[in-house]
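Working notes, structure below.
The values are calculated or read from the model by the stated rules, or taken from the named source; none is laboratory data. Treat the numbers as computed from the prediction; the structure is a model and nothing was measured. Note that each Cβ is placed from the backbone with ideal geometry, even for glycine, and that neighbours are counted across all protein chains shown.
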Amino acid sequence: MGQVKKYIVGCFDDEKVLFPAVKKVRAAGYKIQDVYTPMPIHGLDHALGMRETSLHTAGFIYGITGTTTALTCMSWVFTSDWPLNIGGKPHLPLPAFIPITFELTVLFAAVGMVLTFCYLCQLAPFVKKHHFHERATDDLMVMVIECTERTNEEEVKAMLNSNGAVEVNVQEAPVGWWLGRYDRPSKLFKTREVAY
Amino acid sequence: MSLLKYESTLREPLVDGDYSVYREVTYGIGQWNLNKTIGWGWDITNFVWWVGIGHAGTLISAILLLFRQGWRTGVNRAAEAMTIFAVMCAGQFPIFHMGRVWDAFFVLPYANSRGPLWVNFASPLLWDVFAISTYFTVSLLFWYSGLIPDFATIRDRAKTKARKLWYGVVSFGWTGSTKHWQRHESLSLVLAGLSTPLVLSVHTIVSFDFATSVVPGWHTTIFPPYFVAGAIFSGFAMVQTLMLVTRKVMKLDDYITLGHIEAMNKVIVLTGSIVGIAYLTELFMAWYGGSKFEYDAFYKYRIAGPYGWSYWTMMTCNVISPQLFWSKKLRRNVAFTFIMSIVVNIGMWFERFVIIVTSVYRDYIPSSWSVYYRPSIWEVGFYLGTFGLFFTCYFLFSKFAPVIAIAEIKHVLKTSGESFKEKMDVIEKESVEHFAHGHAH
């Protein structure tokens, strides 16, 4: 597992409370590791200071690859590899190549983007990650702040509490935590009651 | 409550289908009543019908996403699932129609030991291979990438070990990280953007199977838009059939509301009318175009002749009956909608039957005209079998996966909740007289 790090975890149940809290924590100079939310919250990525994703650019490149692959393969087959005479029709019927070129463009872009998405987010079957709160996929927004030697733990906790966090706790998780195990939550959660 | 308790009713069609396919594979295409003139019968009719049904799912999930139609979130996940299962059923027909099904991979352009001898890239039938397989793959990816966060929600609420393990595997270790959501949003948007022209291209290419030929009644330029409208029309009807049952059995009345049903009925009346205009345009062009064969195809062999009954079934089910949906009362009537959804699907099946059979059984040379075509029991059995496959897949999906897009519903409830709160704030600040003036009847 390697090195283990300490994190302060604050849970929020309303995005109207979460946004000011994010602002204050960042203004105080603490680094927010991540915020885990049950649904996409527009503007949260900007509030956290994340840059825009380039996934769509990757998709465009995959699409162009599909276009070129289709056009080169079909032209090569019909003009040089095996120029078959089909009813005396031209050997390079570009209009007739449009459907397959289009389909391959879409196919390459979609498959490439999904694979890239899974790679970037480290998503795959049997991948086990550390989950800071099991309601993070249900109805809580979970803010995770990394503790360093300069972090004043009590201050951060107090700040989260005063900014509307419904639950605050400290957890340890392995670095490279995406390889952590979510199926052993009892170890991390045993001191705490989960309020449903 | 699960739809799986109706599983036993599916056994018979599935067994019928399996045995029919077994007969066809063992004894050959001769098991079907196709002949030299009528080379395409029930099989291709069913193929086009099933592909068409798939289109509604992509329309709801992709095109309505781009149009920012919030209501789609209630039905989109189940409709996407329907797309995938419908395309699976559709694929069976051309594959088994090949006769020697074990050689089906010959349609793929791979460096084979026969030269390599390549496929004909200029053939609409090959375009179909690419279109349908791309459509299936992209729909599957779109559907599954949307399901990942929802599977994670179920995983984290699971009580038993087996459920935790299973949903842990299928949720790919999703955590809900902000960065992941950012990428997920970008992915959904681009996939929706890709699926929109894709879904239009798929039925366009299916229509090219007919439109690029020289058979009377087929070689018309109206086919692509006409097929796409018909596909959406039949697809929405099938979504209604499935959703009304799902809603009833799984008690989802709060998620799939009368508003959803009404919105879909509006799409049905719109596309049904487009299809109606297409039928009339075809008839007009057959007369105006001045081609004797085209004229005969429509006026002698479609609206009249031995298959006239199928043309009039199509006209009644597709053009006349959906017009009843102009009435708001009927649009919001669940029982009526259910009956109409079946009527529309029967009508759309007959549309494909009319296009295929009435065009090929009489073409240019009277010596090759065919006798009356009726399907063999194995053709019917194969068709029934795809129903078994379709509903089995759908029931399994409704049992093991969320039929409602959980994360999207949360998002929509949140935003519409916000706008509701804002509206209420304004109302609360208004004076009583002003409010009464504005809202009293």
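Numbers for the structure displayed
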| quantity | calculated |
| --- | --- |
| Matching option when the condition is closer than 30 Å to A:I86 by Cα and either among the hydrophobic types (A, V, I, L, M, F, W, C) or surrounded by 23 or more Cβ atoms within 10 Å (Cβ to Cβ) (or both), among B:F130, B:F172 | B:F130 |
| Candidate set: the range B:30-83, residues that are of a type in the set (K, R) and not in a loop (DSSP other than H, G, I, E, B); chosen: the one modelled with the highest pLDDT | B:R77 |
| Residue satisfying all of: in the range A:105-120; more than 7 Å from every other protein chain (Cβ to nearest Cβ) and touching a Ser or Thr at 6+ places or on another chain (Cβ under 7 Å); nearest to B:R183 (Cα to Cα) among these | A:F108 |
| Residue within the range B:32-45 that is within 16 Å of B:I205 (Cα to Cα) and in contact with a Lys or Arg (Cβ under 9 Å, 6 or more places away or on another chain) present | yes |
| Residue that is farthest from A:E154 (Cα to Cα) [pool: residues in the range A:7-33 that are assigned to a strand (DSSP E or B) and modelled with pLDDT of 85 or more] | A:F12 |
| Checklist (1) buried (at least 18 other Cβ atoms within 10 Å of the Cβ); (2) at pLDDT 90 or above applied to B:R247, failing item | (2) |
| Which listed residue is surrounded by 18 or more Cβ atoms within 10 Å (Cβ to Cβ), without any contact (Cβ under 8 Å) to a residue 60 or more places away in the chain and not hydrophobic (A, V, I, L, M, F, W, C), from B:Y288, B:Y295, B:Y301, B:Y279 | B:Y279 |
| Out of B:L165, B:L270, sole residue that is surrounded by fewer than 17 Cβ atoms within 10 Å (Cβ to Cβ) and within 11 Å of chain A (Cβ to nearest Cβ) | B:L165 |
| Inter-residue pairs, beta-carbon under 7 Å, first among the hydrophobic types (A, V, I, L, M, F, W, C) and in the range B:367-383, second not in a helix (DSSP H, G or I), 6+ apart | B:W369/B:T37; B:W369/B:Y361; B:W369/B:R362; B:W378/B:W32 |
| Test for B:Y110: is it closer than 21 Å to B:A81 by Cα, more than 7 Å from chain A (Cβ to nearest Cβ) and free of Cβ contacts under 8 Å to residues at least 12 places away in the same chain | no |
| Condition check for B:S195: within 27 Å of B:I404 (Cβ to Cβ), surrounded by fewer than 22 Cβ atoms within 10 Å (Cβ to Cβ) and touching a helix residue (DSSP H, G or I) at 6+ places or on another chain (Cβ under 6 Å) | no |
| Set B:A229, B:A263: member being more than 14 Å from chain A (Cβ to nearest Cβ), of a type in the set (A, V, I, L, M), in contact with a Phe, Trp or Tyr (Cβ under 9 Å, 6 or more places away or on another chain) and assigned to a helix (DSSP H, G or I) | B:A263 |
| Qualifying residue in the range B:202-221 (condition: buried (at least 19 other Cβ atoms within 10 Å of the Cβ), within 11 Å of chain A (Cβ to nearest Cβ) and more than 23 Å from the chain's Cα centre (by Cα)) | no |
| Which numbered condition A:V127 fails, given (1) in a loop (DSSP other than H, G, I, E, B); (2) β-branched (V, I, T); (3) within 20 Å of B:S139 (Cβ to Cβ) | (3) |
| Those residues of the range B:7-48 which are in contact (Cβ under 8 Å) with a residue 12 or more places away in the chain and over 24 Å from B:N345 (Cβ atoms), in sequence order | B:Y19, B:R23, B:E24, B:V25, B:G28, B:I29, B:Q31, B:N35, B:K36, B:T37, B:G39 |
| Candidates A:I64, A:I86, A:I98 - the one that is over 19 Å from the mean Cα position of the chain (by Cα) and at the interface with chain B (Cβ under 7 Å from one of its Cβ atoms) | A:I86 |
| Selection count, the range B:134-151, where residues are touching a residue at least 24 places away in the same chain (Cβ under 8 Å), farther than 19 Å from B:V403 by Cα and within 7 Å of another protein chain (Cβ to nearest Cβ) | 2 |
| Leading residue by the ranking (farthest from B:F227 (Cα to Cα)) among those in the range B:190-201 that are more than 8 Å from chain A (Cβ to nearest Cβ) and hydrophobic (A, V, I, L, M, F, W, C) | B:A192 |
| Conditions (1) more than 8 Å from every other protein chain (Cβ to nearest Cβ); (2) assigned to a helix (DSSP H, G or I); (3) of a type in the set (D, E, K, R); number of the one not met by B:K179 | (1) |
| Extreme residue, surrounded by the fewest Cβ atoms within 10 Å (Cβ to Cβ), among residues of the range A:27-46 that are more than 22 Å from B:L191 (Cβ to Cβ) and at the interface with another protein chain (Cβ under 7 Å from one of its Cβ atoms) | A:D34 |
| From the options B:A90, B:A131, B:A79, residue that is at the interface with chain A (Cβ under 9 Å from one of its Cβ atoms) and closer than 26 Å to B:L384 by Cα | B:A131 |
| Residue list for the range B:152-161, filter: closer than 15 Å to A:P125 by Cα and either within 7 Å of chain A (Cβ to nearest Cβ) or surrounded by fewer than 24 Cβ atoms within 10 Å (Cβ to Cβ) (or both) | B:A152 |
| Failed item, numbered, when A:T79 is tested on (1) at pLDDT below 90; (2) surrounded by fewer than 19 Cβ atoms within 10 Å (Cβ to Cβ) | (1) |
| Failed item, numbered, when A:G49 is tested on (1) surrounded by 16 or more Cβ atoms within 10 Å (Cβ to Cβ); (2) more than 22 Å from A:R135 (Cβ to Cβ) | (1) |
